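Coordinate-derived values only; no laboratory data. These figures come from a predicted structure and were not determined experimentally. Note that each Cβ is placed from the backbone with ideal geometry, even for glycine, and that neighbours are counted across all protein chains shown.
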Amino acid sequence: MREKSTIFAFLSVLAVVAFMAGCAGMTAKPTDKNFKAPGVTLSHMEVQSYWGWWFYDAKIEPTKGKAGANGSPLVLAFIFNVSNPNDFPVLMEKMQFTVGFEDFDINTQGSSEAMWIPAGKTNQVRVIAVQDPAVTSGSLMVASGDKVKASGKGPMDLIENWWTQIPDFTFPIYARNGSAIFKADGVVKSVPFSAKFP
Amino acid sequence: MDLKKKWFKFVAVIFIPALIFGISASALAAEVKVGALNDVTGATSDVGKDYALGIADAIRYVNDNGGINGKPIKLYQFDYGYRIPEALTKYKLFKRLGCVAVLGWGTGDTEALSPTVTQDKMPYVSASYSAHLTNPAKTPYNLFAATDYSTNARAAITAWYDTRWKKNPEFGKRKPKFVCSYHFAHPYCSAPIKAIKDQAELLGFEVGPDQNVSLVAIDTKSQVLAMKDYGADLVWHGNTTMSVSATVRDAFALGLKAEHIVNCWGFDENLVKLAGKAAEGVFGAPRCAFFGENVKNMDKVVEYAKKYNPGVPLENRTTHTVAAWANTLALWEAMKRADKAGDLTGEGILKKGFETIRDFDIGLGVQPLNYTSTDHRTAGKVSIYEIKNGKFQVVELVDLKSRWPEKWGKEWLGW
């Protein structure tokens, strides 16, 4: 009997502690009004992987595989700080932005992996951006042909400059027209951002 | 024993409802998975990124409005950079994830995947509006919510003939001269050429030599001079905006007297920005309204663009976002119908969804949609627009189906 009452007392204490801990963990309920915009800033950039500079067109017979317009991929990483100024955790559902080399838009990148950011804390998100000379050349001419013409250089000349200078980051790289979508308890907030590196 | 009972009662009272609610909450949250293949990094990313934004916005709208009869859509949206091997790889991922439909992108992925989606019975709603995809006997699972390139091309040349050539002093004295300017080797550009030439002959045009203009051309003087030598009255532009704007500008600068009609991927808000004065009077078949135009449901498109992409200025959004909404809303309707019929499978979405749709109005400047088991052309009417004072305005609603019912019904399907 005594043993039972000890167990009961122990469990009761445990239940009370759990209840109190739950209460202590309770946070303000997110609303449109109290949902402060999280911050998205570029911490830094890295060349994630580097293959140097090379390109050959479809006239060149490869040792193996099919001929085509093939060039060295350029793999960059954008590392963003995502901070949550709220008293409640927020979910970053998605972020995306346009990658710009100098004045040229190169492509669109982002992250669609959901991430929780605790109240008052900052997380880091690494967005990997893979570029390829042939695709970049095509998209440069289709989207920014006039600017390329005005630069007085061919698209492959611009690309060669970027690919060879990237280890030193001698030209500005932009994350333009960025948007990140945050959610907390059904309340949605979109945050615009832009950044330049270096 | 009594204490033990009490304790179990306590546990039961606390945890069993939690368990039940937890299970039913997760059951209620059952998702319908949809894949989206987009190009936001590749050679068609100039228009592809705006389309991709539109897909994501429209799916959010769908989910905010009940999803598929209460089930939210989980969207898996990937960029494939217009690389076909990557499109095939991502499609396999969609299948592994259990997607019941795919919102695809351009001619490249759509044509490469067409036999596979037919075999897999996977509805593939894409922004490749080739008439080759409208015959369900050949491509039953390829769909889109717009009139196809060939229908648009036939309507555009007809509208020009009706509104311009009939008022020309030369009308009735000679045949109008017509040429096509497009990237020969590209399937999007070449898709409606046979149809527009057929329509030109039907209307009594003389058809001149085609001009090969690369999709990445920024200097088209030699082609424009060839059009001038021929004495063209009308030019069909089958490329995308950048090279169309270059050709229209060169035509203006070199004094080509011809007027211009443009396919949908070259006839957007950026054409006005890039070609300026030279774009005045250009005709086009945009397949849906322009961003912000005063049509049904455009308020939703603008609201969601503002809400979810505040980093992208509204003045940079285009008709391609609207086209993405149109495709998404059509798929939504088909999925709701299939689900109601208890068959939310690929085949169900096609047969109990799409192929039951008759005169369904999604707004957005899209003609009411129709899909039957023998014809996936959505409508026989096409709104043709003209650029006037830098703005897009409707010139004529061309009703091909009523005007040429025999040809529409028996000859023109699928090309």
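In the protein assembly as shown, with Lys and Arg counted as +1 and Asp and Glu as -1 at Cβ, which of these residues, B:PRO136, B:THR158, B:LEU314, has the Cα nearest the positive end of the dipole, that is, farthest along it?
The residue sitting most towards the positive pole is B:PRO136.
Lys/Arg Cβ at +1, Asp/Glu Cβ at -1, dipole of chain A taken about the Cα centre: which of A:MET45, A:ILE117, A:GLY152 is farthest positive-ward?
After comparing all options, I get A:ILE117.
Given H placed 1.01 Å from N in the peptide plane, which residues other than close sequence neighbours of B:PHE392 have an amide H under 5 Å from its amide H?
Result for B:PHE392 returns nothing.
Which order results if B:HIS320, B:HIS376 are arranged by neighbouring Cβ count within 10 Å, fewest first? Don't skip to the end; give the middle numbers.
Values: B:HIS320 28, B:HIS376 25.
So the residues, fewest neighbours to most, are B:HIS376, B:HIS320.
In whole Hz, with x marking every Gly and Pro, tabulate ³J(HN,Hα) for the stretch A:166-178 from phi via Karplus 6.51 cos²θ - 1.76 cosθ + 1.60, θ = phi - 60°.
Each residue's phi maps through the Karplus curve to give 4, x, 9, 6, 7, 10, x, 10, 10, 10, 9, 6, x Hz.
In whole angstrom, and with the biggest value first, how far do the Cα coordinates of the protein assembly as shown range along each principal axis?
Extents along the principal axes, in whole Å: 115, 60, 52.
Amide H of B:VAL262 versus every other amide H placed in the peptide plane: which residues, excluding those fewer than 5 positions away on the same chain, fall under 5 Å?
B:HIS237, B:PHE283, B:GLY284, B:ALA285
Hey, got the dipole for chain B? About the Cα centre, +1 on K and R Cβ, -1 on D and E Cβ, debye to the nearest 20? Please report the intermediate quantities before stating the final value.
On the way: 52 positive and 44 negative charges, 202 e Å.
About 960 debye.
What are the lysines whose alpha-carbon lies under 19 Å from the alpha-carbon of B:LYS388, with same-chain residues fewer than 8 places away excluded?
List returned: B:LYS167, B:LYS257, B:LYS273, B:LYS277.
Would you work out the charge dipole size for the stretch B:268-328 about its Cα centre, treating the Cβ of every Lys and Arg as +1 and the Cβ of every Asp and Glu as -1, and quote it to the nearest 20 debye?
Working: 8 positive and 7 negative charges, 27 e Å.
Using only the charged Cβ atoms, the result is roughly 120 debye.
What is the Cα convex hull volume of chain B when expressed per residue in Å³? Provide the component values of the computation, followed by the final result.
Numbers: hull volume 62.3 nm³, N = 415.
Spread over its residues, the Cα hull of chain B gives 150 Å³ apiece.
How far apart, in nm, are the 7 Å Cα→Cβ label points at B:LYS92 and B:LEU314?
4.5 nm
Applying 1/(1 + (r/R0)^6) with R0 = 60 Å to the Cβ-Cβ distance of B:LEU397 and A:SER151, what FRET efficiency is obtained, to the nearest 0.05?
Numbers: r = 43 Å, r/R0 = 0.72.
E between B:LEU397 and A:SER151, to the nearest 0.05, is 0.90.
Over chain B, with a Gaussian network built from C-alpha contacts below 10 Å, which listed residue (B:THR240, B:THR356, B:THR328) shows the highest mean-square fluctuation?
Evaluated over chain B, the most mobile residue of the options is B:THR356.
How long are the semi-axes of the equivalent ellipsoid of the stretch A:27-197, defined as square roots of 5 times the Cα gyration tensor eigenvalues? Whole Å, largest first. Walk me through the intermediate numbers first.
Numbers: eigenvalues 285, 52, 38 Å².
For the stretch A:27-197, the ellipsoid semi-axes come out as 38, 16, 14 Å.
Calculate the mean, over all residues of peptide B:40-51, of how many other protein chain Cβ atoms lie within 10 angstrom of the residue's Cβ. Intermediate values should be presented prior to the final figure.
On the way: counts 7, 12, 8, 10, 4, 10, 9, 2, 5, 8, 1, 0.
Other-chain Cβ atoms within 10 Å of each residue's Cβ, averaged: 6.
Could you give the nm distance between label points at A:VAL187 and A:TYR56, where each point is 7 Å from its Cα heading toward the beta carbon?
5.9 nm
Tell me, in nm to one decimal, what length is gained between B:LYS138 and B:ALA30 on full extension, where the rule is 0.36 nm per residue of separation less the Cα-Cα distance? Walk me through the intermediate numbers first.
Details: separation 108, 0.36 × 108 = 38.88 nm, distance 3.38 nm.
In short, 35.5 nm is gained.
Out of B:LYS177, B:LYS307, B:LYS351, any idea which swings most in a Gaussian network model of chain B, alpha carbons joined below 10 Å?
Sorting by GNM fluctuation, first place goes to B:LYS307.
How charged is the neighbourhood of A:ASN161? Take every other residue with its Cβ under 14 Å from the Cβ of A:ASN161, and add Lys/Arg as +1 and Asp/Glu as -1. Don't skip to the end; give the middle numbers.
Working: positive: A:LYS153; negative: A:GLU102, A:ASP103, A:ASP157, A:GLU160, A:ASP168.
Charge balance near A:ASN161 sits at -4.
Hey, if you put +1 on the Cβ of every Lys and Arg and -1 on every Asp and Glu Cβ in chain B, which of B:ASN63, B:ALA30, B:GLY81 ends up farthest toward the positive end of that dipole?
B:ALA30
Give the relative contact order (percent, whole number) for chain A; include only Cα pairs under 8 Å separated by 6+ residues. Please list the in-between numbers first.
Numbers: 368 pairs, mean separation 47.6, N = 198.
So the answer I get is 24 percent.
Once you wrap a convex hull around the alpha carbon atoms of the stretch A:31-90, what is its projected area averaged over all directions, in nm²? Before the final figure, lay out each step's value.
Values: hull surface 29.7 nm².
Reported value for the Cα convex hull: 7.4 nm².
Would you tell me the mean number of C-beta atoms belonging to other protein chains that fall within 10 Å of each C-beta in A:129-136, as a whole number? Write down the numbers at each step before the final one.
Details: counts 1, 3, 2, 4, 0, 3, 8, 4.
Mean partner-chain Cβ count within 10 Å for A:129-136: 3.
With +1 on each Lys and Arg Cβ and -1 on each Asp and Glu Cβ, how big is the dipole of the protein assembly as shown about its Cα centre, in debye rounded to the nearest 20? Mind dumping the intermediate values first?
Values: 70 positive and 61 negative charges, 334 e Å.
Charge dipole, the protein assembly as shown, about its Cα centre: 1600 debye, nearest 20.
Sequence-distant or interchain residues sharing an amide H contact under 5 Å with B:ASP79, placed H: which?
Under 5 Å from the amide H of B:ASP79 lie the amide H atoms of B:ASN38, each far enough along the sequence or on another chain.
Ranked highest first by average number of other Cβ atoms within 10 Å, how do B:132-142, B:164-174, B:103-113 line up? Display every interim value, and only then the final one.
Numbers: B:132-142: 20.8, B:164-174: 11.3, B:103-113: 24.6.
Sorting B:132-142, B:164-174, B:103-113 by mean packing, highest first, produces B:103-113, B:132-142, B:164-174.
Could you rank the peptides A:128-135, B:224-231 by their average count of other C-beta atoms within 10 Å per residue, with the highest value first? Walk me through the numbers before you get to the answer.
On the way: A:128-135: 20.4, B:224-231: 17.5.
Ranking, from highest mean packing down: A:128-135, B:224-231.
Within 10 Å of each Cβ in peptide B:308-316, how many partner chain Cβ atoms are there on average? Round it to a whole number, please. Walk me through the numbers before you get to the answer.
Numbers: counts 6, 7, 11, 16, 8, 2, 0, 0, 1.
Per residue, the number of nearby Cβ atoms from other chains is 6 on average.
I need the phi-derived Karplus couplings for the stretch B:306-311: 6.51 cos²θ - 1.76 cosθ + 1.60, θ = phi - 60°, integer Hz, Gly and Pro marked x.
3J(HN,Hα) across the stretch B:306-311, in whole Hz: 5, 5, 9, 10, x, x.
How much net charge surrounds A:ILE79 when only the other residues with a Cβ under 10 Å from the Cβ of A:ILE79 are counted, with Lys and Arg +1 and Asp and Glu -1?
Working: positive: A:ARG126; negative: A:GLU46.
Net charge in that neighbourhood comes out at 0.
Within the stretch A:155-183, find all residues whose amide N lies under 15 Å from a label point positioned 7 Å from the Cα of A:SER72 along Cα-to-beta-carbon.
A:157-170
Residue by residue through the stretch B:318-329, which ³J(HN,Hα) values in whole Hz follow from phi under the Karplus form 6.51 cos²θ - 1.76 cosθ + 1.60 (θ = phi - 60°), with glycine and proline marked x?
Each residue's phi maps through the Karplus curve to give 9, 4, 5, 5, 5, 4, 5, 4, 4, 4, 5, 5 Hz.
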